[in-house]
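S.K.: Let me give you the structure first, and then I'll get to my questions.
Just so it is clear, none of the values below were taken in a lab; they were calculated from the coordinates. What you are looking at is a predicted structure, and each value in this text was computed from that prediction instead of being measured. A quick note on method: Cβ atoms are made from the backbone with ideal geometry, for glycine too, and the neighbour counts reach across all protein chains shown.
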Amino acid sequence: MSELIDAEVAGRVLSAALANGGDFAEVFAERSAGMTMAIDESRVEAVQAGASAGAGVRVISGATTYFSHVDGLDPADIERAAGEAAAALRAERAEPRSLSAIRTTPLPVEVAPAEVAAERKAELLRELDERARAAGPEIAQFTASYAEVRREVSVANSEGLFSGDDRTRVRIGAQAVARRDGTVETGAETLGAHRGFELFDDDPGSIAADASRKALTLLDAGPAPAGSMPVVVGGGFGGVLFHEMTGHGLEADHIQKGASVYVGKLGEQVAQPLLTAYDDGRLPGEWGSDAIDDEGVPTQKTRVIEDGRLIAFLYDGVTARREGAAPTGNGRRESFRHLPVPRMTNTYIAPGDAEPETMIAEVKRGFYAVSFAGGQVDPATGDFVFGVSEGYLIEGGKVTRPCRGATLIGNCLEALAAIDAVGNDFEIKTGVCGKAGQRVPVGTGQGHVRIQAMTVGGTEV
Amino acid sequence: MIALARQAVEAATAAGASDAEAYAAEDSGREVRVHGGEVESLSAATQRGIGIRAWIGKRVGYAYGTDLSAAGVAALAARAAEAARIADEDEFAGPPFPAEVPLDLNGDTSGNTSEREVALRDPTLGEWAPDRLAELALAIESAALATDSRIAGVEQAVYADSAESVALVSSLGIEGEYSSSSCYGYVQALAEGEDGRETGLGFDLGRGPAALDPATIGREGAERAVAMIGAGKPKSRTCPVVLDPTVAASFIALIGRGLTASAVQRGRSPFAERLGEEVANPVLALHDDGLDPDGFASAPFDAEGVPRRRTALIEASVLRTYLHDTYTANRGDAASTGNASRSGYRSQPAVSASNLIVAPGELSFAELLGDANDGVLITDVAGLHSGVNPVSGVFSVGASGRVIRDGELAEPLREFTIASDLVSMLRAVRAVGADSRWVPFGGSVRTPSLLVGEMTVAGS
């Protein structure tokens, strides 16, 4: 693997960073290159190529982090950034340890997207467009996007760590708009992975067909119910529910600031014994996977909930050091322009033993949330909200009709404790998670999950 | 910078582009985060990059990068041309022609095209050393803590600023540059209640730190958090709803997205085919103003060099116009309203609102509550990015706020949703407050509180 900065330059940068003291210094260098394009109105457009390179230097002294970053990988510029980061410190020079390179194995990529002709990517979008429109004349609009990015990173720190990673991700997204008389509905689907163009060997057009199917289904939708009722959440992207309502609250920065409802809950029963959950940054090919985190710590599989008991939080280097915990490989950042913070990788509820059909059959009147448009949580209060993109009414144990405009709303601790069945199906989907102004790729997964009672916010009072 | 942009345009033309445009930007930013009386992080950074748009006939492509050497710019220009070759032809594609009057060079006396003087940069920004900025952020935190004994702490108090210079050159003869600055401060305060913690956001923004009052920011965050202590769920019903300016701004930003001609032309706006129709109650007037001196999105020209201006959107109930850039204007047989925007050199221009401004009314906040009489005040919404269907305008979003009983604020409410659709909501706006403020969530918006006559509230 190519190194973006050599050991000698990294050593000089770290020395410069500690020139006015500090407990820890780090240089993170990155080179990324990508391409995006879209199809809209059956026309390939917004074709865009981007490249950027740069480095971020941070010095930690006590509870304070000093950070500076620079565009470009010129050693002189990076040393200058180190000087800037150190400028506000007033202590005795500290010495970094000598670097010892750690060999890491990046996740495998069979077909580098950059080696694939751009015209082939445009063809892929045209294929999606055809598949979506083949679903019927009521598909009034269709857009799809293609994105590829290769991110090479190198990280070195004053404790002697020197490591790197080479990450390639590809993703396509499809959005269909269906129209009948005055009714307009949308459906969306995505496919992405930490892999190369080989991801698209296996029927990528199915996401376009799925997006169209969702939009068409909603044309027949009635208003969503309003009020408290049992909710069955679908597998795959349904996992965004767990990501939001539990995952964020387990990130150690929220815990240490007292801004999480899971403070003081370690070792306690927070869910029924049928629930076990993980954060796993090592899953081969998954969207949220990397070989190392953005501080050079190898990613790992962390069991966060075991048989309903909360057993682990997710740490970056700063939060781990603060309480003498072992880092969990969750120190992630959007780019060299950002400081790492504790972030999820691929977070999921492990499969249970319930049959999804039975989980629905046991509900007299309730709501079936198959997929979400997204969600949001305030980790401090635990209040969350999710927009349902595909939802149905359950009546007498049967899925009866689609509903539009539903929102699920609740509180993390209550909703987590109210999960009374976990399905034996399982799938992980791709998401882009925002926190502290930074967006990183994450995987969310689960099988079907049933929550005994949750507020559905619709218009049918 | 302008020389760099010129060089990029020449390189793109040499690479086979029939027309080209280069947008070069340099940005220096600082950020201080404090927590528990200590500085948590102090960041400083400079970014420099360029984005090149290349047209080959009716095809367009884009490339951006940070390698600003002559070879780097030439390679980038070649990639932009290459991208254009991949794109399908679009009969409406093409760069804007220069405005008849030369562009205003940031207050330069030669050829001032803006009707009003736009002072976009606070010259004192550089005088604020990091230590002083840290003091400001710490003052925000201590103001929050001092407001009420039930404030248990703050999640974070933050100060951030940015000073940006932009240069734009096109092969059709557009040349312009300007500088601007902006800063903001915010706090997320934590209040300790009987049954858990509550959070409250306080914020303010300006061109430079002197415009921020740390005491006001801190107090707002604390008061919002404390007000939520003991919150319960409302009964599900349909009732009058007052949106405070922060919430109203989030909805106005969404409406602004629906008023872009790109959304309309592509059939993804609830406002499509409603030009000249009644879309709002007459009390609500909305305009876009790319020259408002206090607006964060203000600039002498937009992201493709067309002069910024003021555009009336909704007046006397009627939808007057959509927002256009050059592409949508060509396609819609209209004129650009100077609303091409980009979020930096890494993004290509697209139509979006600049500063959206709701004309203030005459009612005080207390009078608005009195008018609502029996309803709900909304002080926060969540899940806007997932809870709103941008095509139909139908929404259902998470909310928190207070009961309005007999025209007065009563107990706090949380964990409920409000649902309606954007056009119905605009028509149902019954009164507009006088309490306008700038809100930077999801766009740059200045709006007062709005009283919506009827909305579905779903709780228990």
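S.K.: Could you grab the relative contact order for the stretch A:7-219? Cα pairs under 8 Å, six or more apart, rounded to a whole percent.
M.R.: The value is 23 percent.
S.K.: Kindly express, to the nearest 10 degrees and within the range 0 to 90, the angle between helix B:245-258's C-alpha long axis and the longest C-alpha principal axis of chain B.
M.R.: It is inclined by approximately 40 degrees.
S.K.: In the stretch A:227-244, whose amide N lies under 15 Å from the spot 7 Å out along Cα-to-Cβ of residue A:361? List them in ranges.
M.R.: Counting backbone N atoms under 15 Å from the label point, the list is empty.
S.K.: Below 29 Å, Cα to Cα, which lysines can residue A:364 reach? Residues fewer than 8 away in the same chain don't count.
M.R.: Straight-distance partners of residue A:364: A:214, A:398, B:233, B:235.
S.K.: Right, something else. Evaluate peptide B:177-190: per residue, the Cβ atoms of other protein chains within 10 Å of its Cβ; return the mean as an integer.
M.R.: Shielding by partners across B:177-190 averages 1.
S.K.: Using alpha carbons only, how many degrees (0 to 90, rounded to 10) separate the axis of helix B:70-86 from the longest principal axis of chain B?
M.R.: Result, in degrees: 80.
S.K.: Residue by residue through the stretch A:300-314, what is 3J(HN,Hα) from phi via Karplus (6.51 cos²θ - 1.76 cosθ + 1.60, θ = phi - 60°)? Round to whole Hz and write x for glycine and proline.
M.R.: Here the 3J(HN,Hα) series is 8, 9, 10, 7, 9, 10, 10, 6, x, 9, 6, 10, 7, 10, 10 Hz.
S.K.: Quick one: if you stick a label point 7 Å off each Cα along the C-beta vector at residue A:80 and residue A:309, how many nm between them?
M.R.: Using points 7 Å along Cα→Cβ, the separation is 5.6 nm.
S.K.: Is the shape of the protein assembly as shown best called rounded, prolate or oblate, per the rule: a/c under 1.5 gives rounded, else a/b larger than b/c gives prolate, else oblate, with a ≥ b ≥ c the square roots of the Cα gyration tensor eigenvalues?
M.R.: Rounded, because the longest to shortest axis ratio a/c is under 1.5.
S.K.: Which residues' amide hydrogens lie under 5 Å from the amide hydrogen of residue A:345, considering only partners 5 or more residues apart or on another chain, with H built in the peptide plane?
M.R.: Close amide H contacts, sequence-distant or interchain: A:280.
S.K.: Count charges around residue B:11 for me, please; just the other residues with Cβ under 14 Å from its Cβ, Lys/Arg as +1, Asp/Glu as -1.
M.R.: Here the charged neighbours net out to -2.
S.K.: Report ³J(HN,Hα) in whole Hz for each residue of the stretch A:362-378, in order, from the Karplus equation J = 6.51 cos²θ - 1.76 cosθ + 1.60 where θ = phi - 60°; Gly and Pro get x.
M.R.: 7, 9, 6, 9, x, 10, 10, 9, 6, 8, 10, 7, x, x, 8, 9, 9
S.K.: Take the alpha carbon gyration tensor of the stretch A:177-324, find the square roots of its eigenvalues, order them as a ≥ b ≥ c, and report rounded if a/c is under 1.5; if not, report prolate when a/b exceeds b/c, else oblate.
M.R.: It is oblate, given that a/c is not under 1.5 and a/b is not larger than b/c.
S.K.: A further question on this structure: Which ordering of A:311, B:50 is given by a fewest-first count of other beta-carbon atoms within 10 Å?
M.R.: A:311, B:50
S.K.: So, R0 is 35 Å and r is the distance between the beta-carbons of residue B:454 and residue B:195; what FRET efficiency does that work out to, to 0.05?
M.R.: In this case the efficiency is close to 0.65.
S.K.: Still on this model: Which trypsin sites (Lys or Arg not before Pro) in the stretch B:1-86 pass both tests, a DSSP loop state and at most 16 other beta-carbon atoms within 10 Å?
M.R.: The qualifying sites are B:58.
S.K.: Name the residues whose placed amide hydrogens come within less than 5 Å of the amide hydrogen of residue A:251, ignoring near sequence neighbours (fewer than 5 apart) on the same chain.
M.R.: Under 5 Å from the amide H of residue A:251 lie the amide H atoms of A:314, each far enough along the sequence or on another chain.
S.K.: Same structure again: Quick check: from the Cα gyration tensor, does chain A come out rounded (a/c under 1.5), prolate or oblate?
M.R.: Because a/c hits 1.5 or more and a/b fails to exceed b/c, chain A counts as oblate.
S.K.: While we're on this one: With angles folded into 0 to 90 degrees, how steeply does helix B:130-147 sit against the dominant principal axis of chain B? Use alpha carbons for both and round to 10.
M.R.: Helix B:130-147 and the main axis of chain B meet at about 20 degrees.
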